[in-house]
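Report on the structure given below.
The values are calculated or read from the model by the stated rules, or taken from the named source; none is laboratory data. For clarity, every value in this text was computed on a predicted model and none was experimentally measured. Note that each Cβ is placed from the backbone with ideal geometry, even for glycine, and that neighbours are counted across all protein chains shown. Note: accessible area is taken over every heavy atom of the protein model, side chains too, but ligands, DNA and RNA are not part of it. Shrake-Rupley method; radii C 1.70, N 1.55, O 1.52, S 1.80 Å.
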Amino acid sequence: MKRNFTHVLVVAAALSDGEGRWLMHRRPVGKEHAGLWEFPGGKVEPGETVRQALAREMFEESALKLDIDAMREAGFAASDAAVDGRGIVLLLYTCSRWSGSITAKEGGEFKWHRPAEIARLPKPPLDVELARQLFEK
């Protein structure tokens with residue numbers, strides 16, 4: 001029997017503070033993967049480009065305004081193992097320019113970490129893969 005999977009397109013930001021640290025977000029209580037650390041971002045909505053979605057999600061979650069023109073592809077991870085028949089395709093982008101101060105607007109916590117620290121943080125499986133791709137370069 002053939003199953004009809006659909007995929008949710010999700011974008012995430014890999015932001016560096018210029019001192020070797022990268023911004024991570026701890027998922028808030030009540031959300032899937034609560035308490036785990038992730039590259040911040042969210043779902044792409046109909047009618048948005050992936051860069052527009054990332055800029056919107058980052059502003060909604062952190063109050064940071066990302067420069068769309070400064071975004072570069074950094075990696076991707078995908079999962080088809082969803083219980084509800086929906087997999088995830090997660091696209092990671094670096095962004096070298098942004099403005100604003102970080103404010104956790106939707107709960108959770110934001111913190112800067114060095115790559116070795118990120119390797120030890122508890123993360124969802126797709127973020128484990130994104131971190132591997134980002135830091136192996």
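Structure above, values below:
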{"item": "Net charge dipole size for the chain [Lys, Arg +1 and Asp, Glu -1 on Cβ; Debye, nearest 20]", "result": "200 debye"}
{"item": "Of all accessible heavy-atom area on the chain, the percent that carbon and sulfur account for (1.4 Å)", "result": "53 percent"}
{"item": "Average accessible surface area per residue within the chain, 1.4 Å rolling probe, Å²", "result": "57 Å²"}
{"item": "Top of 19, 45, 73 by mean-square fluctuation, Gaussian network on the chain, Cα under 10 Å", "result": "19"}
{"item": "Folded to 0 to 90 degrees: helix 125-136 orientation relative to the chain principal axis, Cα", "result": "50 degrees"}
{"item": "Lysine pairs meeting the criterion (Cα under 20 Å, 8 or more apart or interchain), as found in region 48-137", "result": "4"}
{"item": "Amide H within-cut-off set for residue 74, under 5 Å, with H built and near neighbours excluded", "result": "92, 93, 94"}
{"item": "Inter-part distance where region 18-59 and region 65-119 are each reduced to a Cα centre, Å", "result": "4 Å"}
{"item": "Normalised per residue, the volume of the convex hull around the Cα set of the chain (Å³)", "result": "118 Å³"}
